[in-house]
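Okay, so here's the structure we're looking at.
The values are calculated or read from the model by the stated rules, or taken from the named source; none is laboratory data. Bear in mind that the values here come from a model prediction, so they are computed numbers and not experimental data. Here the Cβ is made from the backbone with ideal geometry for all residues, glycine too, and neighbour counts use every protein chain on show. When the accessible area is computed, the model is the full protein with side chains, heavy atoms only, and any ligands, DNA or RNA have been set aside. Shrake-Rupley method; radii C 1.70, N 1.55, O 1.52, S 1.80 Å.
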Amino acid sequence: MRAPSWRGLKRWGRRSRPLVLRLAAWPVALAALAACSGGWHIGSNSQATDPATVDYPVFYVKRQVPVDQAGLLVQDDLRVMRTLTPSTPSADLYMRASASAAAAETNISARITAGAMWDVKDVDTSADGSRVVFAMRGPLMMNQKEKDPPCWRIYEYVIATDTLHAVINPASDPDPPTVNDVSPHYLPDGRIVFSSTRQTQSQGILLDEGKPQFAAQDEDRKEPAFVLEVMNPDGTGVHQISYNQSHDRDATVLANGRVLWTRWDHAPGKDAMSLYSANPDGTDLQLYYGANSHLTGTNNTVVEFVHPRPMLDGRIMAIMRQYTDVDDGGALVIIDGEHFVENTQHLLAYPTLAGPAQTPGTSNNVLTIPGPSPGGRFISASPLLDGTDRILVSWSQCRLLDSTQTPPAIVPCTSSALAQPNVQVALPLYSVWLFDPTQGTIQPIMPPVEGTMVTDVAVAQPRPLPTVINDKVPGIGLDENLLNAGVGVIDIRSVYDIDGIDSAVPNIAAVADPVKTPPNTRPARFIRLEKAVSIPDKTIVNLSAAAFGASNYMIEIMGYAPIEPDGSVRIELPGNVAFRMSVLDANARRIVPVQGVWLQVKPGEVVNCNGCHLPATAQNPHSHGRQGVFASAWAGAAVSGAPFPHTIPSGAGAFIPQVGETMAQARMRVSCLSDIPPCMQMVPNVNVLYTDVWTDPAQATPGTPISLRYDDATQFFTAFPTSALCVTQWSANCRIIINYPQHLQPLWDLPRPNPPVAGVDNTCTQGGCHNPKDAMGKAQTPAGNLDLTKSPSQVEPQQFTSYQQLLFARPTVIMGPNGPIPGPPDPPVMNAGSANGGASAQFFACVTTGAGCMAPSHAGFMTADELRLVSEWLDIGAQYFNNPFDPAVPVN
């Protein structure tokens with residue numbers, strides 16, 4: 001198609017103030033737009049008889065383009081859900097009777113916003129096309145502070161009655177005015193799922209933990225985390241269904257009734273927005289798509305997946321873009337999530353499909369990196385579910401600013417213009433268009449207006465109602481006893497099942513057999529349940545970076561359980577919290593990489609999984625966490641009624657399986673009948689305990705008992721990192737909270753007058769050892785150049801010297817020709833995040849066998865119980881504090 005002239009588009013204002021496009025006629029604008037459409041054919045017929053017309057109401061948001069004082073676009077950031085721009089927000093919800101340029105436009109929200117400044121976003125419509133929900137806040141003041149009300153609330157517009165109201169009545173809202181509600185979507189049963197900072201159930205859990213209620217910050221600690229909540233159509237019955245530590249956003253509903261949304265995975269080591277799904281009550285949370293498909297942007301750059309919307313054929317339309325600096329938009333992508341979990345990873349049931357699962361929504365060159373995008377960019381899209389494959393989009397064509405002209409002029413993104421040095425992108429011009437991918441055309445619904453953004457497009461078109469999935473209730477999907485205890489259950493078939501592969505040596509069956517694999521030699525012995533710590537806003541506790549120490553997060557431990565010989569686990573854990581699991585050896589040290597995303601179970605829910613997973617790599621970008629991705633590598637018991645090989649064959653101590661059961665399933669089935677109270681074998685413990693209940697002593701040697709306790713009479717602890725009650729009776733609110741000053745420093749200061757050499761003081765910080773002063777108070781170089789005293793660190797005065805010297809490089813001094821001079825730093829003694837690797841492994845060798853120690857040998861200096869405490873502290877990140885409300889926590 002020949003590019004028309006752009007002479008009619010060169011009359012623009014200066015870049016430092018809002019630009020106004022003065023057009024002689026609408027067809028002129030269409031001709032000009034065609035020049036920068038990146039290959040699309042742009043129609044100019046806007047008559048009501050146009051066959052492209054959609055005869056249903058269309059809704060969208062109009063707002064001022066946010067610019068800074070220099071007239072440059074204030075870029076949005078997907079990671080920040082509620083940020084105000086430096087310019088005064090001004091937005092309204094509009095309706096057109098149809099998707100036609102000739103249709104009349106009505107300002108729906110003006111009855112509330114007229115005469116004041118409000119902001120509007122996140123528009124969605126009901127399946128029957130009768131109602132519209134959206135988020136709105138106001139009135140807003142100049143220089144509005146983000147933490148201050150007014151905050152986002154959900155509003156509903158009923159088309160037939162032309163009525164607009166807040167879904168949650170402000171007069172009866174139980175939550176404070178500082179909460180924010182955004183991204184609403186109708187569930188098939190009429191309720192509304194939305195993203196919110198209310199954190200309804202999470203705040204109740206905080207009370208159970210003995211903490212004050214507050215809205216936890218996201219893992220960037222920039223704003224409260226938005227999680228998914230559900231409410232009745234009248235705004236009552238608000239309850240939380242997701243427990244992420246960062247944002248869950250953009251909820252929609254699949255045809256099968258499951259909720260689909262964008263989750264910001266920002267657990268330690270993660271930072272990506274992928275698609276997740278769950279039942280509307282929050283049960284059966286799974287990855288849906290994209291955790292390892294983020295390198296699919298322009299030139300294989302990183303993109304995130306946001307604003308998912310189902311299409312008639314079951315595929316998902318989404319916007320893929322970078323977090324920021326892409327003019328608030330990105331590329332349309334069509335995702336085959338019914339058959340794929342990643343771009344090149346099919347579900348198990350579709351072995352012949354090679355992918356890719358992602359196909360571009362357009363054939364034009366839409367870039368996902370900063371700078372000009374020849375095919376323009378999309379900020380929102382709403383598929384028309386009428387069988388035509390058409391899409392209502394908010395799109396901005398590609399425009400450049402030619403600063404060589406006076407005044408600067410807007411010019412098209414021609415090849416020659418793009419090839420110029422120092423190309424400058426003009427402000428985006430988002431407006432509503434009707435895109436027909438079959439015909440390759442994009443039809444204008446309204447003329448773009450300079451200085452105005454038209455976004456959040458939605459059409460009130462009746463569409464098929466998704467399947468209704470009822471909330472699970474006791475006896476129907478939820479176990480009443482578990483529900484009453486506030487716990488769920490996780491059932492793992494075998495931790496040796498790594499991504500569907502039997503990784504046990506030589507195999508799971510042999511490891512489970514005590515004759516073939518002596519119990520003491522099994523690698524996986526315990527599982528540890530680890531919970532994210534909610535971090536308050538700085539107005540509640542202004543935590544210093546020193547509070548976190550070597551890690552930028554805090555972790556609590558909920559408990560431990562033994563892993564059965566075949567690698568299986570069936571264990572209770574607290575419901576409605578974000579957690580992860582670690583597989584441990586006999587010393588309670590992690591042996592495989594930590595599972596890297598937050599999981600959840602609802603009270604009463606039983607979650608089943610096949611096994612464990614290794615982190616994906618560029619060479620093997622596979623995902624897990626979704627049912628149907630891998631087959632189980634462990635079939636369990638071969639027959640019913642026969643014991644597992646060489647296990648106790650009969651009697652009160654026998655766990656005789658049914659066909660297909662794992663050892664954990666067989667043990668729990670039997671113990672739930674015999675235990676008083678029932679199922680005690682599924683209850684975790686804050687102590688690390690193991691007794692061999694499987695090996696038949698007539699056929700093999702049973703495993704050695706393991707008892708690593710906080711309350712062992714022989715250990716030297718001065719304070720438990722948990723409550724005394726939790727030591728004796730675990731419950732859903734039990735937490736192990738390890739703070740370095742309270743629980744680790746006493747290990748170095750504790751008097752050790754006897755072991756292993758009688759009459760010798762082996763206290764770590766006594767004068768002759770890891771102390772900068774000798775027994776006479778004279779300055780000395782500490783043994784091994786390691787100062788373990790609790791003096792304030794010269795590097796970070798809010799931390800002890802010992803903490804800094806254990807986890808960070810330490811300065812040294814060497815003797816030069818003219819006296820002492822700084823030498824090369826000594827490496828850290830320990831590795832934060834791993835008790836079994838690198839320097840940490842060397843430390844444990846030193847204090848257990850004496851290997852690698854400077855004289856004297858440190859073997860036997862510390863008890864096994866103490867070393868367990870050091871191990872778990874290192875594994876969870878070696879934080880300085882893991883309790884933001886401890887009176888001694890460092891603050892700013």
Scope region 847-867; condition in contact with a Lys or Arg (Cβ under 7 Å, 6 or more places away or on another chain) and either over 17 Å from Gln745 (Cβ atoms) or assigned to a loop (DSSP other than H, G, I, E, B) (or both); matching residues: Phe861
Condition met for Lys516 (part of a strand (DSSP E or B) and either within 30 Å of Asn892 (Cα to Cα) or open to solvent by 20 Å² or more (accessible area, probe 1.4 Å) (or both)): no
Subset of region 488-503 (residues that are surrounded by fewer than 24 Cβ atoms within 10 Å (Cβ to Cβ) and either touching a helix residue (DSSP H, G or I) at 6+ places or on another chain (Cβ under 7 Å) or of a type outside the set (Gly, Ala, Ser) (or both)): Val489, Ile490, Asp491, Ile498, Asp499, Ile501, Asp502
Test: residue in region 408-422 that is of a type outside the set (Val, Ile, Thr) and part of a strand (DSSP E or B): yes
Residue in region 837-845 that is open to solvent by less than 70 Å² (accessible area, probe 1.4 Å), part of a loop (DSSP other than H, G, I, E, B) and modelled with pLDDT under 90 present: yes
Residue ID - nearest to Leu332 (Cα to Cα), chosen from residues in region 396-413 that are surrounded by fewer than 16 Cβ atoms within 10 Å (Cβ to Cβ) and of a type in the set (S, T, N, Q): Ser403
In region 134-157, residue most open to solvent (accessible area, probe 1.4 Å) [restricted to those that are in a loop (DSSP other than H, G, I, E, B) and under 17 Å from Arg198 (Cα atoms)]: Lys147
Members of region 431-460 that are touching an Asp or Glu at 6+ places or on another chain (Cβ under 7 Å) and part of a loop (DSSP other than H, G, I, E, B): Pro437, Thr438
Hits in region 846-864 - residues which are closer than 15 Å to Gly784 by Cβ and open to solvent by 30 Å² or more (accessible area, probe 1.4 Å): Ala851, Gly852, Cys853, Met854, Ala855, Pro856, Ser857, His858
Within region 299-328, tally of residues that are farther than 18 Å from Arg390 by Cα, of a type outside the set (D, E, K, R) and over 22 Å from the mean Cα position of the chain (by Cα): 3
Looking only at region 350-395, and only at residues there that are assigned to a loop (DSSP other than H, G, I, E, B) and among the β-branched types (Val, Ile, Thr), the one that is most open to solvent (accessible area, probe 1.4 Å): Thr352
Those strands (runs of 3 or more DSSP E) lying entirely in region 244-344 with at least 1 residues open to solvent by 30 Å² or more (accessible area, probe 1.4 Å) and under 30 Å from Ala426 (Cβ atoms): 304-310
Verdict on Ser632 being touching a Ser or Thr at 6+ places or on another chain (Cβ under 6 Å) and over 28 Å from Ala878 (Cβ atoms): no
Of all residues in region 99-111 being surrounded by fewer than 19 Cβ atoms within 10 Å (Cβ to Cβ) and either in contact with a Gly (Cβ under 6 Å, 6 or more places away or on another chain) or modelled with pLDDT of 90 or more (or both), the one that is farthest from Leu434 (Cα to Cα): Arg111
Those residues of region 814-842 which are touching a residue at least 24 places away in the same chain (Cβ under 8 Å) and either over 23 Å from Ala550 (Cβ atoms) or not β-branched (Val, Ile, Thr) (or both), in sequence order: Asp826, Met830, Asn831, Ala832, Gly833, Ser834, Ala835, Asn836, Ser840
Whichever residue in region 644-658 is over 41 Å from the mean Cα position of the chain (by Cα) and in contact (Cβ under 8 Å) with a residue 24 or more places away in the chain and, among such residues, is surrounded by the fewest Cβ atoms within 10 Å (Cβ to Cβ): Gly653
Qualifying residue in region 671-689 (condition: farther than 25 Å from Ser731 by Cα and either open to solvent by 70 Å² or more (accessible area, probe 1.4 Å) or touching a residue at least 24 places away in the same chain (Cβ under 8 Å) (or both)): no
Extreme residue, most open to solvent (accessible area, probe 1.4 Å), among residues of region 522-560 that are within 20 Å of Cys612 (Cα to Cα) and out of contact with any Leu (no Cβ under 8 Å at 6 or more places or on another chain): Pro523
Positions within region 504-528 being β-branched (Val, Ile, Thr) and in contact with a helix residue (DSSP H, G or I) (Cβ under 8 Å, 6 or more places away or on another chain), in sequence order: Val505, Thr517
Enumeration of residues in region 234-278 that are without any contact (Cβ under 8 Å) to a residue 40 or more places away in the chain and acidic (Asp, Glu): Asp271
Looking only at region 429-473, and only at residues there that are open to solvent by 30 Å² or more (accessible area, probe 1.4 Å), touching a strand residue (DSSP E or B) at 6+ places or on another chain (Cβ under 7 Å) and of a type in the set (Val, Ile, Thr), the one that is modelled with the lowest pLDDT: Thr441
Residues located in region 195-233, provided they are over 20 Å from Asn552 (Cβ atoms), surrounded by 21 or more Cβ atoms within 10 Å (Cβ to Cβ), of a type in the set (A, V, I, L, M) and in contact (Cβ under 8 Å) with a residue 40 or more places away in the chain: Ile205, Leu228, Val230, Met231
Whichever residue in region 775-809 is surrounded by fewer than 19 Cβ atoms within 10 Å (Cβ to Cβ) and charged (D, E, K, R) and, among such residues, is farthest from Ala878 (Cα to Cα): Lys778
Selection status of Val829, surrounded by 13 or more Cβ atoms within 10 Å (Cβ to Cβ), assigned to a helix (DSSP H, G or I), touching a helix residue (DSSP H, G or I) at 6+ places or on another chain (Cβ under 9 Å) and not small (Gly, Ala, Ser): no
Odd one out for Gln715, checked against (1) open to solvent by less than 50 Å² (accessible area, probe 1.4 Å); (2) within 24 Å of Ser793 (Cβ to Cβ); (3) modelled with pLDDT under 95: (2)
Criterion: touching a Pro at 6+ places or on another chain (Cβ under 7 Å), closer than 22 Å to Cys679 by Cβ and among the small types (Gly, Ala, Ser) - qualifying residue of Gly596, Gly567, Gly575: Gly575
Selection count, region 298-353, where residues are aliphatic (A, V, I, L, M) and closer than 17 Å to Val366 by Cβ: 13
